[in-house]
Amino acid sequence: MTDQTSNAMWGGRFAAGPDEIMEAINASIGYDRRLAAQDIAGSRAHAAMLGATGIVDPTEAEAIREGLLTVLSEIEDGSFVFSTALEDIHMNVEARLKDLIGPVAGRLHTARSRNDQVATDFRLWVRDQIDAAMTGLEALQFALIEQAEAGAEWVMPGFTHLQTAQPVTWGHHMMAYVEMFGRDASRFRDARARMNESPLGAAALAGTGFPIDREMTAEALGFDRPCANSLDAVSDRDFALEFLSAASITAVHLSRLAEELVIWSSAQFRFVSLSDRWSTGSSIMPQKRNPDAAELLRAKLGRILGATVGLFTVMKGLPLAYSKDMQEDKEQVFDAADSLMLALAAMTGMVGDMTANRDALRGAAASGFSTATDLADWLVREAGLPFREAHHATGALVAKAEAKGCDLPDLTLEEMQEVNPAITEGVFDVLTVEASVASRSCYGGTAPEQVKRQAAGWRARLSRG
């Protein structure tokens, strides 16, 4: 098949157009149409600069800018007809611009290449996604803070190895995720600061001989500065890799929380109830409430990690500057961004709607000898034992309680003194779960006042932006 449209696009170098298979593998319009708004913003900035510098007649430059707005409105209202034969969003926009304003549209591509054009468009798109991710993370943090404040004094078991370790507060557990998602937001902020340089004007790879003003286009597009090296500008995809890396770590944190929601909402735990909005039933078991949203969210991690590995694999062997391999950068990033934003929204909804079962949390916290460490600390503090001896004595008391089928506070003073005569009645003051969490009032501890202080601090930090 000879495709004269594509042949004309490529210029006079080729005598025949691509056949159908080549067209299918070469075209990216099926997915890079998502860059339309960024492509038109970049083109309008470029046209304004061409007019301001006199490279293009200012009247023609303004006609180009107005025509591009018409193209954008057609794309937004769904009337724009995309053509696979025109390969990508850039050529689709330019072809439609020519229909609207005539041959003057061809002046738009003066002093630029599709290489710096796509690098600019993609940076703008990823920057928008970073901004959206940070907004989504902030909403999730606020939902977690509200849970933390409501349950600052509610006692629950803290786990290591998924075994009962020490009592903590529900608020403390919620605030742990606020910290995690805060680090995620900081990674996105760092990535945004590094990527906020404009490739526009780097042209194909070596810059251009036209007297362009790269600072003007960079400022118009909200970049801090132009990229300093034209080779690097068109071949760099670090910004996409950093976005995916930050998204992957965020997804890990989302997945860990989703896993806890799955466990906590089970009949065996009953720590939380998820609302009907985030649960489904069974086709044959009427008693079931399945935490499908949390499970699906947990699975989104795989898509995001897969995209990250995929783009690293594409980029690892490429020489400078641009290679067609880099066309394969977008679908993976698009999918990862969609998955991340959906996961953030879903988790925010689940956290905001879920109800913690205070009685079940407290009951679980009091089981499994969770105050054993408090007993060991009391032996060090009050009986003067070295910690290793206190640890051994506490282990003996746990064994005694286990044999008796009771918990530590249920042992009598006489039974405790059989292990160590220095134990007094005062030991029972530290063996309640409430006393345990209250005693851990150091900075970062689980004590209710610390939870409230940390929650208030995060509220103030997030409100300041």
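The values are calculated or read from the model by the stated rules, or taken from the named source; none is laboratory data. Small disclaimer: the values here were computed from a predicted structure and weren't measured. Cβ placement follows ideal geometry from the backbone for every residue including glycine, while neighbour counts extend to all protein chains displayed. Protein only, heavy atoms only, side chains kept; ligands, DNA and RNA dropped before computing areas. Shrake-Rupley method; radii C 1.70, N 1.55, O 1.52, S 1.80 Å.
Structure data summary
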| read-out | value |
| --- | --- |
| Tally, over the range 430-439, of residues that are crowded, with 19+ Cβ neighbours inside 10 Å and either part of a loop (DSSP other than H, G, I, E, B) or not assigned by the TED database to the domain that holds residue 382 (or both) | 1 |
| Residue, farthest from the chain's Cα centre (by Cα), within the range 397-415, restricted to residues that are part of a helix (DSSP H, G or I) and over 16 Å from residue 374 (Cβ atoms) | 414 |
| Within the range 109-226, helices (runs of 4 or more DSSP H) holding 2 or more residues that are among the aromatic types (Phe, Trp, Tyr), open to solvent by 10 Å² or more (accessible area, probe 1.4 Å) and without any contact (Cβ under 8 Å) to a residue 40 or more places away in the chain | none |
| Single unsatisfied condition, residue 342 versus (1) touching a strand residue (DSSP E or B) at 6+ places or on another chain (Cβ under 8 Å); (2) surrounded by fewer than 18 Cβ atoms within 10 Å (Cβ to Cβ) | (1) |
| Pair list, Cβ under 8 Å, 6 or more apart: the range 401-429 residue surrounded by 14 or more Cβ atoms within 10 Å (Cβ to Cβ), other residue assigned to a helix (DSSP H, G or I) and small (Gly, Ala, Ser) | 407/401; 408/372; 408/401; 411/401; 419/393; 419/396; 420/393 |
| Residue match in the range 327-338 (condition: open to solvent by less than 40 Å² (accessible area, probe 1.4 Å) and among the charged types (D, E, K, R)) | yes |
| Flag for residue 277 being within 30 Å of residue 170 (Cα to Cα), assigned to a helix (DSSP H, G or I) and modelled with pLDDT under 95 | yes |
| Pairs where the first residue, in the range 358-375, is at positive phi and the second is surrounded by fewer than 24 Cβ atoms within 10 Å (Cβ to Cβ), C-beta under 6 Å, 6+ apart | 368/164; 369/398; 369/408 |
| Restricting the range 130-170 to residues that are hydroxyl-bearing (Ser, Thr, Tyr) and over 16 Å from the mean Cα position of the chain (by Cα), the residue that is modelled with the highest pLDDT | 169 |
